[in-house]
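FYI, it's all coordinate maths here, none of it is from the lab. Note that the structure is predicted; figures quoted are calculated from it, not measured. Every residue, glycine among them, receives a Cβ derived from its backbone with ideal geometry; neighbour counts consider all protein chains shown.
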Amino acid sequence: MACISKKTAFIVIFLFISMLPVNSLAEKKPQCLKISLNKIEDSNRTQLKSSDEESINKIINEKDTLITNLFQCLKEDPNDLVRTTKFFKRIKFLKARTSTNRVLKNSVAVQRDQMEINTNQIRISLADFLSFVVRTYNTHNGKVKILDKIKIELSYLNEFKIAEIKDPGSSKIATELKERTFEFKVVSATYRDILQFAIEELSTIATQSWFHFIHLDTSIDTINGLKPMQEVNRIMLTIGLDMGHLVVVIIIVALIALLYPLFSRICNLSAEIIAKITKSSSKVEIFYAIIKRPFKILILFGGINIAITAFFYKTSGAVNVTNVTYCIYSLLYLYLSFKFIDAVAVIQLETYESRNLRDEIINVLI
């Protein structure tokens, strides 16, 4: 086993090194979110320029796929967000120029710059909304928060008005005004499309905790809604507790205490059945003996996690608890993976030792 421990240590070091940042060596990955946004904007540009109804219908159908990909980008890489610094800098510059043009009474130039300011403000709002969606992932009230935010943003979009252009002429500034107005329409249409899609696909976008799918949140609220419990809760709320949380946690802990020994027996029987079917009992026994501890710890922590999540449901510490449990799950899965590798190595070691191969060859093979 000393030999195996060295191999396991080597694997751990190798995996650790492989996970270190290599930004200086590797090319920067294209920004998925930025690419998706650009594609949606391009679709809206084509749609606003098109006069053919069939083409418009095709573009509308394609946009659903593009927006789906946009939210998928957020889930796959939550840190890949739109940077808004350049928009703020541009707005600051445009406001300064607008003030000057107002003094000079260049109304067309003022309209041009105001239209670009509005466009950049919408881009900032869109970026903030996408960041907000990321922050609400895996929270107990993600749907409610996102829906409220969408209503606010739609109301915000409706406040923007496109001023009528009264024959601005054919000058360079007039041409730029027309271009800025069209770009404003594209960006506002893009944001509106994303918001509308978010309303229609709220269940998909607001990825909620598994806690909701087993209806523990409903159970807690139902228990707290009972009249006898309401009387007790008036006293318990002074110490930050309520009967809904306590009852559900007690039931979960009781179920864990009853079911865990049964689960352990099922695992043992499963290992025996597999050994008989495969006719390699020694290998199955070795494999199971090594991985059963981390596997059972993982399952046990799953039950404990349900109880902890129920206890902190609708409290200020709910998000922190979720983050901590994710870290613990990651460590447990890593522990199980190392044990899995170790089990395979032990079985292979016994196989090669039975063939009287030298230790050096065994080390290389492992």
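To the nearest 20 debye, what is the magnitude of the charge dipole of the range 29-208 about its Cα centre, counting +1 on the Cβ of each Lys and Arg and -1 on the Cβ of each Asp and Glu?
1000 debye
Counted residue by residue at 0.36 nm each, then reduced by the alpha carbon distance between them, the extension gain from SER282 to ALA257 reaches 5.9 nm.
Between ASP128 and LYS75, full extension at 0.36 nm per residue minus the direct alpha carbon distance yields a gain of 17.5 nm.
Placing +1 on each Lys and Arg Cβ and -1 on each Asp and Glu Cβ, with no other charges, gives the range 39-136 a dipole about its Cα centre of roughly 900 debye. Sequence-distant or interchain residues sharing an amide H contact under 5 Å with PHE312, placed H: which? Distant-sequence amide H within range of PHE312: zero hits. Structure shown: which of LYS39/LYS161; LYS34/LYS339; LYS39/LYS172; LYS58/LYS92; LYS95/LYS185 lie over 30 Å apart, alpha-carbon to alpha-carbon? Going by Cα-Cα distance, LYS34/LYS339; LYS58/LYS92 fall outside the 30 Å limit. Extension gain for PHE88 to THR204 (0.36 nm times residue separation, less C-alpha to C-alpha distance): 38.6 nm. In this simple spin-label approximation, GLU62 and ILE304 carry label points 7 Å from Cα along the Cα→Cβ vector, and these lie 5.3 nm apart. Here the label points at THR218 and ILE273, each 7 Å from Cα along the C-beta direction, are separated by 3.2 nm in the simple model. Backbone phi angles across the range 67-77, fed through the Karplus curve with coefficients 6.51, -1.76 and 1.60 (θ = phi - 60°), yield HN-Hα couplings of 6, 4, 4, 4, 5, 5, 4, 4, 6, 6, 9 Hz in residue order; Gly and Pro are listed as x.
Relative to its residue count, the range 29-208 spans a Cα convex hull of 132 Å³ per residue. Each residue of the range 55-65 was assigned a 3J(HN,Hα) from its phi angle through the Karplus expression (A = 6.51, B = -1.76, C = 1.60, θ = phi - 60°), giving 5, 4, 4, 5, 5, 4, 5, 5, 5, 4, 5 Hz with x at Gly and Pro.
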